[in-house]
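Enquirer: Sharing a structure, written as structure tokens. Questions coming.
The values are calculated or read from the model by the stated rules, or taken from the named source; none is laboratory data. Computed from a prediction, not measured in an experiment: that's the story for all the values here. Cβ sites come from the backbone with ideal geometry, for glycine too, and all protein chains shown count toward neighbours.
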Amino acid sequence: MIALRSVSREYRSLVGRTVRAVDDVSLEVAAGEVLGIAGPNGAGKTTLLAMLLGFLRPTAGTLRVDGMEPRAFVEAHGVAYVPELMALPLHWTVENALHRLATLADVPAAELPAAVDRVVELLAIGEHRGKRLKALSKGNFQRVGIAQALLRDDMRLVVFDEPTHGLDPVWTARFREIVATMRRPDRVIVVASHNLDELERICDRVAIVDRGKIQRVVAVGGTAGVASPAAAYRIRAAAGSDAVVAAFPGATRSTSGDIDVGAVDLPTLNAGLAAAIAGGALISTVIPRESALETAFRSAVGGAA
């Protein structure tokens, strides 16, 4: 549904220097997919999203959404969008803001009250309906931002930019549930975030961006038929720790006596555990030292991590 082919975007600075924010990016995203975008600050994520939303045009290459230029697609079909920073008049009440934004989203007048009630209930902001936006906490303001993006449930393109910023752990988990319910065979959901753990939980793939390029696309979330990326683990053995060390070349012991294993994929991890158990080890705990996506991110961006 989304196709980027050799897309670049250049800016010209005030002193006349050309800066290439996005550099020869090619990527295809199928309908039904949840794609994550991760990268260090200044990597080009914001520019990629701006082009996807039709705010900017590529200076080279082509970007199409369902075969259309992004701006044409958004004008014809709309888009659900949560920006990193919501900019709304702070004297508006939550109720007033949602009604105004529903009107801008072209929700039919007859359906508007029900649409507002639905998102208010979904984001549990009913007690704040009469409050001015300036009176909300950061987390509650963010929930209003998510709510406004869900006023129409027919959008085929959904873009979240740092959606869990300011949310507490309860609502971060709730956001994962919301994304799961939003999956549809004809919809693409794009989530840009610095929270790699969240991306790994909710996405099918994550594009790691650095210096304007997609350095790597990682399959996450148990995508069927795709080998999981390698991750590092810490293993604790109640007995037979020597067998664990022998089963994993390069394994080291931590000061606590646990065994640290370098980045391995799941088949290698399971084969090593089986060999250790056969050698007399009694395994009590296996804990990822960092997630598979964190390992891939560190490898892809190097010192920028």
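Enquirer: Looking at the structure I just gave you, is E121 of a type in the set (D, E, K, R), out of contact with any Lys or Arg (no Cβ under 8 Å at 6 or more places or on another chain) and assigned by TED's automatic domain parsing to the domain that holds L49?
Expert: Details: of a type in the set (D, E, K, R): yes; out of contact with any Lys or Arg (no Cβ under 8 Å at 6 or more places or on another chain): yes; assigned by TED's automatic domain parsing to the domain that holds L49: yes.
Against the criterion (of a type in the set (D, E, K, R), out of contact with any Lys or Arg (no Cβ under 8 Å at 6 or more places or on another chain) and assigned by TED's automatic domain parsing to the domain that holds L49), E121 qualifies.
Enquirer: Another question, then. Report yes if some residue within segment 225-235 is at pLDDT 95 or above and within 30 Å of A274 (Cα to Cα); otherwise report no. Talk me through it step by step, then tell me what you get.
Expert: So the first thing to find is which residues in segment 225-235 are at pLDDT 95 or above, and the list is 235.
Now restrict to residues that are within 30 Å of A274 (Cα to Cα): 235.
Yes, some residue in segment 225-235 is at pLDDT 95 or above and within 30 Å of A274 (Cα to Cα).
Enquirer: When residues of segment 149-176 are filtered for being under 20 Å from A115 (Cβ atoms) and within 19 Å of the chain's Cα centre (by Cα), how many remain? Steps first, please.
Expert: First pass over segment 149-176, keeping only residues under 20 Å from A115 (Cβ atoms): 149-160, 163, 174-175.
The next check asks that each one be within 19 Å of the chain's Cα centre (by Cα); those that pass are 149-150, 155-160, 163, 174-175.
Final tally of qualifying residues: 11.
Enquirer: Hey, among the residues in segment 129-174 that are of a type in the set (A, V, I, L, M) and modelled with pLDDT under 95, which one's farthest from N41 (Cα to Cα)?
Expert: In the first step, residues of segment 129-174 are kept if they are of a type in the set (A, V, I, L, M); the result is 133, 135-136, 144, 146-147, 149-151, 155, 157-159, 167, 170, 173.
Checking which are modelled with pLDDT under 95 leaves us with 167, 170, 173.
On the way: L167: 20, V170: 26, A173: 25 Å.
Among those that are of a type in the set (A, V, I, L, M) and modelled with pLDDT under 95, it is V170.
Enquirer: Looking only at segment 22-49, count every residue that is under 18 Å from S193 (Cα atoms), not hydroxyl-bearing (S, T, Y) and not in a strand (DSSP E or B) and tell me the total.
Expert: Selection size over segment 22-49: 10.
Enquirer: Given segment 108-219, what strands (runs of 3 or more DSSP E) lie entirely inside it while holding 3 or more residues that are surrounded by 15 or more Cβ atoms within 10 Å (Cβ to Cβ) and out of contact with any helix residue (DSSP H, G or I) (no Cβ under 7 Å at 6 or more places or on another chain)?
Expert: Numbers: elements: 157-161, 188-192, 205-210, 213-219.
The qualifying strands (runs of 3 or more DSSP E) are 213-219.
Enquirer: Is it fair to say S13 is exposed (fewer than 15 other Cβ atoms within 10 Å of the Cβ), of a type in the set (S, T, Y) and within 20 Å of the chain's Cα centre (by Cα)? Spell out how you get there, then give the answer.
Expert: Values: exposed (fewer than 15 other Cβ atoms within 10 Å of the Cβ): yes; of a type in the set (S, T, Y): yes; within 20 Å of the chain's Cα centre (by Cα): no.
Considered against the rule, which asks whether it is exposed (fewer than 15 other Cβ atoms within 10 Å of the Cβ), of a type in the set (S, T, Y) and within 20 Å of the chain's Cα centre (by Cα), S13 comes out as no.
Enquirer: Next up: Condition first: within 29 Å of A38 (Cβ to Cβ), over 21 Å from the mean Cα position of the chain (by Cα), among the small types (G, A, S) and buried (at least 16 other Cβ atoms within 10 Å of the Cβ). Now tell me which residues in segment 263-305 satisfy that.
Expert: A263, G272
Enquirer: Consider only pairs whose beta carbons are under 6 Å apart and that are at least six residues apart or on different chains; among these, list those whose first residue lies in segment 52-73 and is among the basic types (K, R) and whose second residue is modelled with pLDDT of 95 or more and not in a helix (DSSP H, G or I).
Expert: Once the first residue is among the basic types (K, R) and sits in segment 52-73, its partners that are modelled with pLDDT of 95 or more and not in a helix (DSSP H, G or I) give R64/A3; R71/G54.
Enquirer: Just checking, does segment 264-271 include any residue being outside the structural domain of E200 (by TED's automatic domain parsing), modelled with pLDDT under 95, in contact with a Lys or Arg (Cβ under 8 Å, 6 or more places away or on another chain) and not in a helix (DSSP H, G or I)?
Expert: no
Enquirer: Still on this structure, I have one more. Taking segment 60-76 only, how many residues are in contact with a Lys or Arg (Cβ under 6 Å, 6 or more places away or on another chain) and either surrounded by 15 or more Cβ atoms within 10 Å (Cβ to Cβ) or closer than 19 Å to V34 by Cβ (or both)? Steps first, answer last, please.
Expert: Here is the first cut: in segment 60-76, the residues in contact with a Lys or Arg (Cβ under 6 Å, 6 or more places away or on another chain) are 61-62.
Applying the additional criterion that residues be either surrounded by 15 or more Cβ atoms within 10 Å (Cβ to Cβ) or closer than 19 Å to V34 by Cβ (or both) yields 61.
Of the residues in that region, 1 qualify.
Enquirer: Now, a different point. Just to be sure before I move on: is A243 outside the structural domain of S6 (by TED's automatic domain parsing) and surrounded by 14 or more Cβ atoms within 10 Å (Cβ to Cβ) in the structure I sent? Break it down stepwise before answering.
Expert: Details: outside the structural domain of S6 (by TED's automatic domain parsing): yes; surrounded by 14 or more Cβ atoms within 10 Å (Cβ to Cβ): yes.
Taking the combined requirement at face value, the residue satisfies it.
The rows are residues; the columns are (1) touching a His at 6+ places or on another chain (Cβ under 8 Å); (2) under 19 Å from A207 (Cβ atoms); (3) among the hydroxyl-bearing types (S, T, Y).
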{"residue": "A21", "(1), (2), (3)": "no, yes, no"}
{"residue": "D24", "(1), (2), (3)": "no, yes, no"}
{"residue": "E28", "(1), (2), (3)": "no, yes, no"}
{"residue": "A43", "(1), (2), (3)": "no, yes, no"}
{"residue": "T46", "(1), (2), (3)": "no, yes, yes"}
{"residue": "P58", "(1), (2), (3)": "no, yes, no"}
{"residue": "V74", "(1), (2), (3)": "no, no, no"}
{"residue": "H99", "(1), (2), (3)": "no, no, no"}
{"residue": "T103", "(1), (2), (3)": "no, no, yes"}
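Enquirer: If you go through segment 75-87 one residue at a time, do you hit one that is assigned to a helix (DSSP H, G or I) and either among the basic types (K, R) or within 19 Å of the chain's Cα centre (by Cα) (or both)?
Expert: From segment 75-87, those assigned to a helix (DSSP H, G or I) are 75-77; that's our starting set.
This time we only want the ones that are either among the basic types (K, R) or within 19 Å of the chain's Cα centre (by Cα) (or both), so: none.
Taking every residue of segment 75-87 in turn, none turns out to be assigned to a helix (DSSP H, G or I) and either among the basic types (K, R) or within 19 Å of the chain's Cα centre (by Cα) (or both).
Enquirer: Only one of (1) buried (at least 19 other Cβ atoms within 10 Å of the Cβ); (2) over 19 Å from V190 (Cβ atoms) fails for A43. Which number is that?
Expert: Only one criterion in (1) buried (at least 19 other Cβ atoms within 10 Å of the Cβ); (2) over 19 Å from V190 (Cβ atoms) is unmet by A43, namely (2).
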